[in-house]
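For reference, the structure is listed below as structure tokens.
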Amino acid sequence: MQVVVDSQLVQYAAQGKGELVLILHGWGDSSLGWRDLTAELAKKYQVIAVDLPGFGGSEAPKEAWDLSNYARFVQHFLQKIGKFIYPTRLQTKNIVAEPDMVKGKFILEDF
């Protein structure tokens, strides 16, 4: 699937039904690296795996982005597709400004 977020064409996959799980790939990867986990999680959850700008099937930003740009992108992506999700590393900057966005637990894995 594709959607335009902040004038950028973004690739993402959505499958399954139930509570929402958002998968964000690591640096230099894409959502394809998570397809086995996505398929397994989709048996019980609604899973969305997005290619961050500049990776996989998503357009690259016109200029270099920092963590704040990616955090803002994730927030705008979720708003664009009409979803709300638990925070990730990219979202921690937004949590300070909007603590009400935290609706449950989340797991962070950092490499």
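Key figures
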item	result
Where a residue in region 25-45 is of a type in the set (D, E, K, R) and its partner, wherever it lies, is at pLDDT 90 or above, with Cβ under 7 Å and at least six apart	29/55; 43/16
Residue check for residue 18: modelled with pLDDT of 85 or more and in contact with a Ser or Thr (Cβ under 8 Å, 6 or more places away or on another chain)	no
Looking only at region 57-70, and only at residues there that are assigned to a loop (DSSP other than H, G, I, E, B) and among the aliphatic types (A, V, I, L, M), the one that is nearest to the chain's Cα centre (by Cα)	60
Count of residues meeting criterion [in a strand (DSSP E or B) and of a type in the set (Val, Ile, Thr)] in region 13-44	2
Region 72-87, subset among the aliphatic types (A, V, I, L, M) and at pLDDT 85 or above, residue surrounded by the most Cβ atoms within 10 Å (Cβ to Cβ)	74
Residue in region 53-71 that is of a type outside the set (S, T, N, Q) and touching a Lys or Arg at 6+ places or on another chain (Cβ under 6 Å) present	yes
Residue check, residue 30 under 13 Å from the mean Cα position of the chain (by Cα), small (Gly, Ala, Ser) and modelled with pLDDT of 95 or more	no
Residue satisfying condition, being hydrophobic (A, V, I, L, M, F, W, C), part of a strand (DSSP E or B) and in contact with a helix residue (DSSP H, G or I) (Cβ under 6 Å, 6 or more places away or on another chain), within set 10, 4, 47	47
Options 29, 6, 66; residue that is of a type in the set (Asp, Glu) and exposed (fewer than 13 other Cβ atoms within 10 Å of the Cβ)	66
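Conditions tested, residue by residue: (1) at pLDDT below 90; (2) under 10 Å from the mean Cα position of the chain (by Cα); (3) closer than 14 Å to residue 28 by Cα.
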{"position": "51", "(1), (2), (3)": "no, yes, yes"}
{"position": "55", "(1), (2), (3)": "no, no, yes"}
{"position": "93", "(1), (2), (3)": "yes, no, no"}
{"position": "99", "(1), (2), (3)": "yes, no, no"}
{"position": "108", "(1), (2), (3)": "yes, no, no"}
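The values are calculated or read from the model by the stated rules, or taken from the named source; none is laboratory data. What you are looking at is a predicted structure, and each value in this text was computed from that prediction instead of being measured. Here Cβ is always computed from backbone atoms with ideal geometry, including for glycine, and neighbour counts include all displayed protein chains.
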